[in-house]
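Notes follow the structure.
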2 protein chains.
Amino acid sequence: MATETPETTETAPDETAGYTQPEIDVAGLTRLLDGRYAEMRDLVRKNLVKSADVLEQAETLDIPAFKDLVKDVVVEVAATGQTAVAFPSEYGGSDDTGAAIAAFETMAFGDLSVLIKMGVQFGLFGGAIQQLGTKHHHDAYLTAVISGELMGCFAMTEAGHGSNVQALGTVATYDVETQEFVITTPHDSAHKDYIGNAGRHGELAVVFAQLEIGGTSEGVHAFVVPIRVDGEPAPGVRIEDCGRKMGLNGVDNGRLWFDGVRVPRTALLNRFADVTPTGVYESPIENPNKRFFTMLGTLVLGRVCVGGAGINASKVALAIAVKYAARRRQFDTAPDQPEQLLLDYGQHQRRLFPLLARTYALHFAQEVLASRCHDVFSGVVDDEADRRALESRAAGTKALGTWHGTRTIQECREACGGAGYISKNRFEALKADTDVFTTFEGDNHVLLQLVAKGLLTGYASDFSDLDQLGMVKFVAGTAVDTVLERTNVHKLLERVKDLLPGGDEWDQEAGLLDPNFQEAMFRFREEHMLSGVARRLKRGVDEGMDAGEVFSRVQDHVIATARAHVERLVLDAFVEKVVEMPAGDNKVAMGLMVDLYALTTIEADRAWFMEHGRLTTQRSKAISREINALCRKVRPVAVDLVDAFGIPPEVMRAEELLTWGD
Amino acid sequence: MATETPETTETAPDETAGYTQPEIDVAGLTRLLDGRYAEMRDLVRKNLVKSADVLEQAETLDIPAFKDLVKDVVVEVAATGQTAVAFPSEYGGSDDTGAAIAAFETMAFGDLSVLIKMGVQFGLFGGAIQQLGTKHHHDAYLTAVISGELMGCFAMTEAGHGSNVQALGTVATYDVETQEFVITTPHDSAHKDYIGNAGRHGELAVVFAQLEIGGTSEGVHAFVVPIRVDGEPAPGVRIEDCGRKMGLNGVDNGRLWFDGVRVPRTALLNRFADVTPTGVYESPIENPNKRFFTMLGTLVLGRVCVGGAGINASKVALAIAVKYAARRRQFDTAPDQPEQLLLDYGQHQRRLFPLLARTYALHFAQEVLASRCHDVFSGVVDDEADRRALESRAAGTKALGTWHGTRTIQECREACGGAGYISKNRFEALKADTDVFTTFEGDNHVLLQLVAKGLLTGYASDFSDLDQLGMVKFVAGTAVDTVLERTNVHKLLERVKDLLPGGDEWDQEAGLLDPNFQEAMFRFREEHMLSGVARRLKRGVDEGMDAGEVFSRVQDHVIATARAHVERLVLDAFVEKVVEMPAGDNKVAMGLMVDLYALTTIEADRAWFMEHGRLTTQRSKAISREINALCRKVRPVAVDLVDAFGIPPEVMRAEELLTWGD
C-alpha cells in the first residue's frame, strides 16, 4: 500500500488537443429533444403560455379558490384535445399513448398542480376505466371523463397501506340477493388517503377493494363508486379534505370512508375478472397473484409520467440557474477587472453541469421508456416478458428521475442564493410541488426493490409482487443458481472483454472517453452487484436467518444494484441516441454530455470500483480531472444547452434572475 | 490489481462480543445535551409551548396577518426576559452570550419565522448597535430594542452584493456644513435586499454604506437611519416588500432605497471609527481592511446562531421520522407475522441513523463553538488569533450545520412517505423555512472558502477577507512555504503515528472502532488536502495563470479541505464530550453515536482515502459492514435517542405520525 501518491497536474493532457468548441444549433437541438411528438409538445407549450398566470395565482388565491382555478385550467386544456390522445378514437381520442406521455412531460414546465390534476383525471381515473373496464364502462364514462365534465378519483392508497397495495383493507362484498357489491371501510386505517379529486371535485371513484363472495376473498379488484352527488357526499360515503400540503395545493386530495355503499354488479371493472349474477367468480387469469399484477401493470403509465415530470421540472430549475450564473458577477478576480461571472467558477460548474448532463441522459432514457410504453399499449408488442420489463423500467426511471428532480432543484435554488428563495423566482413551486414525486406512485425505494427483483428472478411471472418475503424465498430457492450462473464472474468478464480489448486489464488501457470503457464499467458494476445480492440472500437463508432479517440486511445492496442497472439503461439510451445523430456541432455537444454523465456516474461510485478492483487510485483521480476539463468545455455552450429545452419564458418566471444586469 | 475480491460475511465479527445493549436514561441524556444552559433551555421550552399555536396559524393566516402575529409573539417572548440575556446588565440584560445562543438554538424547535425575526431584532439589529455603537447609541436604543418596542433592521445585503460585503454600493457622504451624513443608493442594484423587519415593522435600520469624506472613501461603515415614521416610509426612503418567499413568511423582508437621506454625525456607529465635526476621519485601527473585518467579526454571533438552528431543526425532523418508523409497519416478512416495522429495515436504519449520529456530533461541536463565542464576547478571551479562529469555526459549523439540516429534513420527509407531505405533519414548515439557511448569513460555499483561507494563511491578519484573489496571491507568495512545511507529508505521518502505533502501516492494524484510528484518519485527510491545495495554488501561479483562473480550478479542492477540517473539529468535540462522561449506559450509547459519525464520515469519503493510500479495499468494505452492525445496535435505543432532544410535543405537531397505530 503506497503511503503517498504524488499530485499530478490537474489539466487532462488531451483537454484541447484536436477539440474544436462546438457552436450549437439551438433549434436543431430542441427538435432532437422533442423527437417524434414535437407537434404535441408545441401544442402544450401554447397551452402553457395561455394559462401561465396560474403560476402567480398559486401564490395569491386562497386554497379553495386555487383548486377551482386549477380545475378550470384542466377543463380548458382538455378542450384543446391535448388530454384525449391516449383514449380510443371512438371516444374522441387517437389511441396514442406516446403522445399522451409527451404532453404530460411538457406540461411539467408549468404549474404542477395543473399537471397532477390532469394525471389524476385522465391518467389514473380515466386510465383505470379504460384499462380495467370494458365497453359498458367506456360507453358510460369515457366521453365525459375526457372532456373533464365528469371528474373522478383513483382510490387505491389507504392510510394503513401505501406501497403495499395487495394488503389494503377496503372490502367489497357481493350480495347475491340484490346483485350488488357492498363497499365498506372495515377499520379506520383502511380509509382511502391522499386521493386526488376526492377533496372537492370528484363525482366518481375507481375504488380498489378486497372482493369477497360468499365468505371467500378473491383479492383486490376495482369498482366504480359514486362519491359525490350534486356537490354533497353520496350516501354512505364520508369525505375529508387532506388539508394543506407542502405543495400541489391546487389538487384537492381527500380521504374516503365507505359505510356499506351499494353499487350494482356492473360497477366491477371487469376486464380481467367478473362475477356472474349468481355470484360465481370468473377470470381468464387463473393465478390470483398474476391477476393482481396484470391489473396493476396496466397502470404503469402513471409512473412513466411522473418520472418524466421530475426530469422536466429539473430542466426548468437548470435553465434558471445556468442563465443566471452566466449573468451574475461576484467577487474580484483581478484588479481593474469586472467581478467574475458565477458560471466561470470551477465549483459552480461542478455543481450545475453534471446535473445538466444527467438531465439530458434521463431525457433520452425517458424517451425510450415512453416509446416502449407506447408499443405495449398500442399492441405493437404484446409479450408478457416485455410488459414486465416495461414495468421494471418504468419503476426504475421514475425513481431516478424524481430523485434527480429533488436534488437538481435544491442545488439550483442554492446556486441562486437569496434570490432563489423569493417565490416569484420559481423555486418555491418547483421544490414544494415536486417533493412528493419521490414517494407517490410507488415509494422510490420500493420501486427499486421491484427493479432488483425483476433482475434476480429473470422477470419470473410473479416478479411484480412487491413482497420481499417472496423474493428472498424465490431467489434463495430455485433462482439463485440461475442468477449465479448468469452473473458468474468469469462470464461477466468475458462479456466485458467483448466490449474492450486488453484481457483482464481492459479497464486500465482504455481512454476515459472511450464509450466502450464507460459501457464496460457500467455493465461490470451492475452484474457484479447483482451476483453479490444473490449470493448474500442465499447465504442468509442457508444460515437459518428468517426471510425478513435476510432481506433487511441485504436491502441496501438490493437498492444499489437496481440503481446501477437503471443508470446503465440510461447510459445506453443516451449513447444510442447520440450515435444516430448526424456529424456536426450538436453531436459534439451531446458527446460532452454523454461523457460527463458517464464519468460523473462512475466518479460518484468510484469507491465501489476501487473496492472491486476496477479502478486504480491513479485512474480514479484522472477521472475527476477529466470531469473538471469537461466542465470547462461545457461552459461556453451551457446557456445554449438549457435554451434547447424550449421552456416558454412565460412559465419560467424568475424575470429578476433571467434579465440580471440588463 | 485484483480482478475479483471475494464477498465476506456481512456481520462484523465483534458485533456482539462483549457488548451489552445499553438502557438509556433519557432525562440524563437531555441534561447532557442541555449542558450549562439547561435553565434557559427550559424557559424557552415553556415559551415555545405557550406560543405553539403559531405553527398552525402559519398555515391559516394570510401573510400580513401572520407577520403581525409573529411580531406579537416576539414581543411576548421578549417580556419573559429570554431575549435580553446577551445585552449589558445596565439595559436589563445579563451579559451572557452563551445563554443567548442556547436560547436561540432551542427556539429552533418551534416556528422558524419567530426564530428568524428574533435573530433579526435582537441578534443582528440589537447586536450591531451594541457591538458597533458606543454608549450614546446604547442609551438611546437598547432598552427599547430589547423589549421589542423599537423594531429595526440590519441593512447590509444589497441586490448586487450579497456575500461580497466589501463591494457594496450604498454611499454615506459627510456634509461638513450641516454635520450630517447623506445616505444614498447610487444605482438600482445597490438597493438593500432581503432585509428582515424592513417590509412592515422596522422603524430604524443599521445601514452599511461606503463612507465618503471630502471625496475620499473610507470603506464600509454602519449608520443608524430611521426608515419608517408612524408606519410610513421616512422622507427619502423607499421601501418595497420582498413579496412571498418559499418560507419564513412571518418575517417581513423588504428592500430599501435611500435618496439623500440625512442623518446626524452621531448616527455613525462609532466604536471602531469616527468622524469629527470638521470631517476628520479617526480610527484606532489603522489598516482599513483590518478595520472592516473587525467590524464584521463582531457579527459572528449570527452565524453561530443559524448553524445551531439548522442542527436543532434536524432534531425535530429526526424525532418525527424515527418515532413514526418505530410504529409504522409495512410489508410481510413471514407468514402469520405482523408486517415489519419500518425501523427494522436495514435500509431505513441506514437512511436515518447516520443522520442521527451526525446530529449528535454537530450538537456538541456547536456547544464548543458557543462556549468559545461566549468567552470572546464576555472578554474571558481577548486575543486576535482566538477571535479569528472563532470566526472560522463559526463559518464552518454554520455551513455544515445548515447543509445537514437541509439533507436531514429531506430524508426524514421521504422516510415518512405521503404523510410527510401533509402540512400538519410538520415537514412543510421545516423544509421551507430552513431552506434559506444554507445561503444566508454567508453562502455556505463562500464560508468554507473563508475556513480554508484561515487554514492556508495561518489566520494571518487579513484572513477574513473573502476575496479569493488576495488568498491566491498570499498563498502563492509568502505563505506557501509555511503551509508546505506545516503539512509536509513526513511530518504529517509523524503526527499521525503519535496517535497510533504500527509505523507506516498505522491504518491497517488498528480496530475500526479505535478512537485513535478514527482521529488519525480525519487528521490525515485534512492535512493532506491542505497541503495539496497549497501546492496547486502555487503551481497555478508559477505557470502564469491569472489568480481568478487558478482559484476557479482549485476551488472544489479548497472547499473539500475546509469541510474535512470542520468535520475533524466536530469529531474532536464529540469525542471529548464522551470521554468526560461517567461510565454507564448513556456513555455506551454516545459511543455508538461517535463511532457511527466517525465511520460514516470516513465511508462517505472512502474513495479519497483509497486514492491516497489510507484504506485498502478490504478495509473499506469492512467499514461499511461495521456501519451496518452499528445501525443494528442503535435500533433498540433510537427512540430514546430522539426523545432525549427534549422537543416539546406541542411543537412537534405530526400527531398522526407520532400516535400511529394507537
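Every number in this text was worked out from the coordinates using simple rules, so none of it is lab data. These numbers come from a predicted model, not from an experiment. Positions of Cβ are backbone-derived with ideal geometry, glycine not excepted, and every protein chain shown enters the neighbour counts.
Table for the structure above
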| quantity | calculated |
| --- | --- |
| Test item: B:442-449 mean partner chain Cβ contacts at 10 Å | 2 |
| Peptide-level mean, for B:530-542, of C-beta atoms on other protein chains within 10 Å | 1 |
| Separation between Cα centres of the range A:229-259 and the range B:586-662, rounded to whole Å | 39 |
| Sequence-distant lysines (8 or more away, or on other chains) whose Cα lies within less than 20 Å of residue A:323 | A:315, A:424, A:431, A:633 |
| With Cα atoms, 0 to 90° folded angle of helix A:617-634 axis to chain A main axis | 80 |
| Value of D in µm² per second that Stokes-Einstein yields for the range A:266-350, Kirkwood Rh from Cα pairs, at 10 °C (1.306 mPa s) | 87 |
| Beta bridge orientation in the protein assembly as shown: antiparallel %, DSSP, nearest 5 | 85 |
| Relative exposure of B:141, B:91, judged by other C-beta atoms within 10 Å (fewest first) | B:91, B:141 |
| Average Cα contact separation per residue, chain B, under 8 Å, 6 or more apart, as relative contact order % | 16 |
| Longest to shortest principal axis, alpha-carbon extents of the range B:300-649, angstrom | 72, 45, 41 |
| Whole-angstrom gap from the range A:503-582 to the range B:537-577, using each part's C-alpha centre | 33 |
| Equivalent ellipsoid semi-axes, the range A:301-417, via Cα gyration tensor eigenvalues times 5, rooted, Å | 40, 11, 10 |
| Residues B:411, A:240 arranged by fewest to most Cβ contacts within 10 Å | A:240, B:411 |
| Formal net charge of residues neighbouring residue B:183 (Cβ-Cβ distance under 10 Å; K, R +1; D, E -1) | -1 |
| At 1.002 mPa s and 20 °C, Stokes D of the range A:26-147 from Kirkwood alpha-carbon radius, µm² per second | 142 |
| Degrees separating the helix B:288-297 axis from the principal Cα axis of chain B, which is the longest one | 60 |
| Sites residue B:286 and residue B:386 - FRET efficiency at Förster radius 22 Å, r taken between beta-carbons, to 0.05 | 0.55 |
| Ordering of B:343-353, B:423-433 by packing [mean C-beta count within 10 Å, highest first] | B:423-433, B:343-353 |
| Contour excess over end-to-end distance, with Cα ends at residue A:339 and residue A:80 and 0.36 nm allotted per residue | 88.4 nm |
| Virtual spin-label span in nm between residue A:65 and residue A:216, 7 Å along Cα→Cβ | 5.7 |
| Length-normalised contact order for the range B:26-147 - Cα pairs under 8 Å, 6+ apart - percent | 25 |
| Exposure proxy ranking, count of Cβ atoms within 10 Å, fewest first, for B:527, A:59, A:39 | A:39, A:59, B:527 |
| In sequence order, calculated HN-Hα J values of the range B:26-35 (Karplus, 6.51, -1.76, 1.60; Hz; x Gly/Pro) | 4, 4, x, 5, 4, 4, 4, 5, 5, x |
| Per-copy distances of the residue A:147 label point, shortest first, in nm (7 angstrom along Cα→Cβ) | 6.8 |
| Spin-label model distance (nm) - residue B:655 vs residue B:94, 7 Å beyond Cα toward Cβ | 3.5 |
| Two-decimal Rg to Rh for chain B - Kirkwood Rh, Cα set | 0.99 |
| Dimensionless Rg/Rh of the protein assembly as shown - Kirkwood Rh, Rg from C-alpha atoms | 0.96 |
| Sites residue A:38 and residue B:604 - FRET efficiency at Förster radius 56 Å, r taken between beta-carbons, to 0.05 | 0.85 |
| Radius 11 Å from Cβ of residue B:195, net charge of other residues (Lys, Arg +1; Asp, Glu -1) | -3 |
| Other protein chain Cβ atoms within 10 Å, averaged over every residue that makes up A:621-630 | 2 |
| Computed E for residue A:498/residue A:375 - FRET, C-beta separation, R0 25 angstrom, nearest 0.05 | 0.35 |
| Highest-first arrangement of B:505-512, B:583-590, where packing means the average Cβ count within 10 Å | B:583-590, B:505-512 |
| Angle between chain A longest axis and helix A:63-79 axis [Cα atoms, degrees, rounded to 10] | 90 |
| Residue-count net charge about residue A:42 - beta-carbon cut-off 15 Å; Lys, Arg +1, Asp, Glu -1 | +2 |
| Amide H contacts under 5 Å for residue A:175, placed H, 5+ residues apart | A:180, A:181, A:182 |
| Between the range A:309-375 and the range A:23-53, the Cα center-to-center distance that results, in Å | 19 |
| Whole-number percent relative contact order across the range B:189-298, with pairs defined as alpha carbons under 8 Å at least 6 apart | 28 |
| Extended-chain gain in nm, criterion 0.36 nm per residue less alpha-carbon gap, residue B:516 and residue B:139 | 130.4 nm |
| Estimated Rh, the range A:152-287: Kirkwood, alpha-carbon pairs, angstrom | 15.0 |
